[in-house]
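The values are calculated or read from the model by the stated rules, or taken from the named source; none is laboratory data. In this text the structure is predicted, and so the values were computed from the model without any measurement. Note that each Cβ is placed from the backbone with ideal geometry, even for glycine, and that neighbours are counted across all protein chains shown. All accessible areas refer to the heavy atoms of the entire protein, side chains included, with ligands and DNA or RNA removed. Shrake-Rupley method; radii C 1.70, N 1.55, O 1.52, S 1.80 Å.
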Amino acid sequence: MIDTATKACSVALFEGETLSASRFEVIGRGHAERLLPLIAQLPKKGRADRIFVNVGPGSFTGIRIGVAAAKALGLAWSIPVHGYGCLALVAAMARDEAPNTLHLDVLMTGGHGEYFFGTFDEANEPLGEVISIKPGQIDAYSHASVIAGDVDLSGTTRNWVDLLPDAQKWHLLRDAAPLKPSPVYGRPPDAKPALVAT
């Protein structure tokens, strides 16, 4: 399992549904430099019979690094590569800490002062699309009793669970349908194609 979609960088190796080993670091930037050394620290240098990678939304660069590494290893080891959603994993981790919660919201840093927002039901199914919102829009969109993610809401009256996705928690999504190993950015790219006069 590979997770580089946020300021955290984590990897995990499972044998069946049992966690064999994992590494987790909050690094901010530098996923490209840290990811392969972390994988190399796992038993058998992380070799597995399939790979799951966090496809986002999250950091544009982090997502691309994780997906590219997963595909490269999948090709080298001749194994399938699958994706999982960033907000879905955070929702599952929060529900693991607060199992009696019905609906919960996830709020993750999205860059440019915006946040990625999604709502999940008691079966950890998304209730609508993940969207990008501004800080002033949180109360307009978020109505669940629990909010989880990496945006600090500790000074508010909301029940806040501070979480970053962690590859060792992937097993919480094992019953979910795998996603394609393609980046899910959650907002349009900053660069726009230039119009060239002819």
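Couple of notes before you dig in:
- Any hit, the range 124-140, residues being under 21 Å from E25 (Cβ atoms), of a type in the set (D, E) and free of Cβ contacts under 8 Å to residues at least 60 places away in the same chain: no
- Number of residues in the range 121-136 that are touching a Lys or Arg at 6+ places or on another chain (Cβ under 7 Å) and acidic (D, E) equals 0.
- Residue among S154, S182 that alone is open to solvent by 40 Å² or more (accessible area, probe 1.4 Å), at pLDDT 90 or above and either within 22 Å of M1 (Cα to Cα) or assigned to a loop (DSSP other than H, G, I, E, B) (or both): S182
- Among the residues of the range 63-119, those identified as in contact (Cβ under 8 Å) with a residue 40 or more places away in the chain, loosely packed, with under 15 Cβ neighbours inside 10 Å and more than 17 Å from the chain's Cα centre (by Cα) are E97, A98, L102, H103, H112.
- The listed residue being part of a strand (DSSP E or B) and in contact with a strand residue (DSSP E or B) (Cβ under 6 Å, 6 or more places away or on another chain), out of V53, V67: V53
- For the range 1-33, the set of residues classified as in a helix (DSSP H, G or I), surrounded by fewer than 22 Cβ atoms within 10 Å (Cβ to Cβ) and under 17 Å from the mean Cα position of the chain (by Cα) consists of A32 only.
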